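The values are calculated or read from the model by the stated rules, or taken from the named source; none is laboratory data. Just so you know, these numbers come straight off a predicted model, no measurement behind them. Here the Cβ positions follow ideal geometry from the backbone for every residue, glycine too, while neighbour counts run over all protein chains shown. The protein model used for the area step is the full one, side chains on, heavy atoms only, and it has no ligands, DNA or RNA in it. Shrake-Rupley method; radii C 1.70, N 1.55, O 1.52, S 1.80 Å.
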Amino acid sequence: MIVTASIAEVRRARWRDHQESWGFVPTMGYLHEGHISLVRRAAGENTRVAASIYVNPTQFAPTEDLTSYPRDLDRDLALLEAEGVDLVFTPDDEIMYPTGFQTAVILRELPRYLEGAARPNHFEGVATVVTKLFHIVQPDRAYFGQKDAQQAAVLLQMVRDLNFDLQMVICPIVREPDGLALSSRNKYLDPADREAAVILSRALADARVAYEDGQRDGEILRTIMRARIATEPRARLDYVSAADPQTLVELHEIETGVLLSMAVFFGRTRLIDNVLLPA
């Protein structure tokens, strides 16, 4: 496995054999089974797999503590090597944002909603760093999780708008046995909050049952989710949403499917979760 912080070395490895197909899994490290599921999907659909590990500072708000984001590079590399990953790009800030850097990738509409309303400039940082990673690695396919549903929507739009020559693959959420979606931020939960955090998946399940029973009123689905969250005293609701899966605009009468999502605080830890329901 090649591990490098050098853009030139990534490109040499990527183009050593033009007949190889490359799958790419961008990460911020502190890997869990959700990340590994993306790696395995990439390995099953490509002859080579690349990953990146980079905690991108431009997607953190001033109120978010970049320095406390969990990191364990040696553990991450061991996990990737065990999965047969061929190339891992591990740049630092000076490589990704050298002195004088002044370019950003900005989407006009999608970042206004959901996470974007709570985290200004977050998706500008995401879109910019992923654009750079795509240009550096030049993969045939790129793999992201449905867990970050708005990120997936933003990046799908960006790839379409900017004519990237790659296939975006959005993979299912990986969950703990009790339903909690895997996240690097779960490590911040104390035992009581960890137990309480299953309320997210239960709230989504309540709304899903109503939807599958024929409920198509978006506000009623949002009310169902709010009501379940309210039963957990350790949970502090940020938002619930029943939105169009592509535009992320809140829906009233649902006709062509819906993205149910939410963000909830447990102490200082903010967790997100979602479920995508078809028409």
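Once you've got the GNM for the chain with C-alpha springs shorter than 10 Å, pick whichever of Glu83, Glu232, Glu64 has the biggest mean-square fluctuation. It is Glu64.
Compared with the dominant Cα axis of the chain, that is its longest principal axis, helix 33-45 is turned about 60°. Loop-located trypsin sites (Lys or Arg not before Pro) across region 23-127 with a Cβ neighbour count of 15 or fewer within 10 Å are Arg71, Arg108, with loop assigned by DSSP.
Based on alpha-carbon atoms, the Kirkwood radius and the radius of gyration of the chain give Rg/Rh equal to 0.97. Against the chain, whose longest principal axis comes from its Cα atoms, helix 218-230 is set at around 90 degrees. A prolate overall shape is assigned to region 92-221, the ratio a/c of its alpha-carbon gyration tensor axes (a ≥ b ≥ c) being 1.5 or greater and a/b exceeding b/c.
Per residue, the convex hull around the alpha carbon atoms of region 1-108 comes to 147 Å³. Pairwise Cα separations in region 133-208 fall into 10 Å bins from 0 onward with the following percentages, short to long: 16, 38, 25, 18, 3. Accessible surface of the chain, 1.4 Å probe: 50 percent of it comes from carbon and sulfur atoms.
For the chain, the mean residue ellipticity at 222 nm estimated from helices alone is -10500 deg cm²/dmol, where every DSSP H run of n ≥ 4 contributes -39500 (n - 2.57) and the total is divided by all residues, rounded to the nearest 500.
Using Cβ point charges alone (K and R +1, D and E -1), the dipole size of region 1-68 about the Cα centre works out to roughly 320 debye. The angle separating the long axis of helix 149-161 from the principal Cα axis of greatest extent in the chain is about 50 degrees. Rounded to the nearest 0.05, the FRET efficiency derived from the C-beta distance between Leu156 and Thr256 at R0 = 22 Å is 0.85. Look at the Cα gyration tensor of region 162-206: its axes a ≥ b ≥ c give a/c of at least 1.5 with a/b over b/c, and that counts as prolate. With a simple spin-label model that places each label point 7 Å from the Cα along the Cα-to-Cβ direction, the separation between Asp190 and Thr47 comes to 5.4 nm.
Taking K and R as +1 and D and E as -1, what net charge do the other residues with C-beta under 13 Å from the C-beta of Phe164 add up to? Summing Lys/Arg as +1 and Asp/Glu as -1 gives 0. Based on the alpha-carbon gyration tensor of region 159-279 and its eigenvalue square roots a ≥ b ≥ c, which shape applies: rounded if a/c is under 1.5, prolate if not and a/b is larger than b/c, or oblate? Here region 159-279 falls in the oblate category.
Stretched out straight at 0.36 nm per residue, the stretch from Ile106 to Asp178 would grow longer than its current Cα-Cα span by 22.2 nm. Extension gain for Asn163 to Ala279 (0.36 nm times residue separation, less C-alpha to C-alpha distance): 39.0 nm. Taking the Cα centre of the chain as origin and assigning +1 to Lys and Arg Cβ atoms and -1 to Asp and Glu Cβ atoms, the resulting dipole is close to 140 debye. Accessible surface area normalised per residue over the chain is 48 Å², counting heavy atoms of protein chains with a 1.4 Å rolling probe.
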